[in-house]
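To start, the structure itself, in structure tokens.
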Amino acid sequence: MADSMVREAERALRLSQAPRSTDYHVRGKVMAVEGGAYQVRLSAAENLTACSRYCDAKVGDTVLVLVMSSGQCAAIAKLIK
């Protein structure tokens, strides 16, 4: 049930964006915590991505990541299974 709620939230976020916006949201798994950032494996990517920390998560947690058109990423919410 929680997973379906997350999918609905992700869908709502995609629908509410401006048509010309290239920002998007994706799930990722926290692989490491380094200073003020998380190292996150986005979806099924092979490489880790540095993400600013805007939520409280630990290694192994799944987070919702905002990927901005500037290339910056921010972990904005911890997803609960």
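Which residue is least open to solvent (accessible area, probe 1.4 Å), if the candidates are limited to the stretch 23-32 and must be more than 12 Å from A77 (Cα to Cα) and at pLDDT 95 or above?
A32
So how many residues does the stretch 10-22 have that are open to solvent by less than 50 Å² (accessible area, probe 1.4 Å) and either hydrophobic (A, V, I, L, M, F, W, C) or modelled with pLDDT of 90 or more (or both)?
Residues flagged as open to solvent by less than 50 Å² (accessible area, probe 1.4 Å) and either hydrophobic (A, V, I, L, M, F, W, C) or modelled with pLDDT of 90 or more (or both) within the stretch 10-22 amount to 0.
Of all residues in the stretch 33-81, which are β-branched (V, I, T), exposed (fewer than 12 other Cβ atoms within 10 Å of the Cβ) and without any contact (Cβ under 8 Å) to a residue 60 or more places away in the chain?
V59
The values are calculated or read from the model by the stated rules, or taken from the named source; none is laboratory data. Given the structure is predicted, the values throughout are model-derived calculations rather than measurements. Here Cβ is always computed from backbone atoms with ideal geometry, including for glycine, and neighbour counts include all displayed protein chains. Each accessible area value is taken on the protein alone, full model and side chains, heavy atoms only, with ligands, DNA and RNA left out. Shrake-Rupley method; radii C 1.70, N 1.55, O 1.52, S 1.80 Å.
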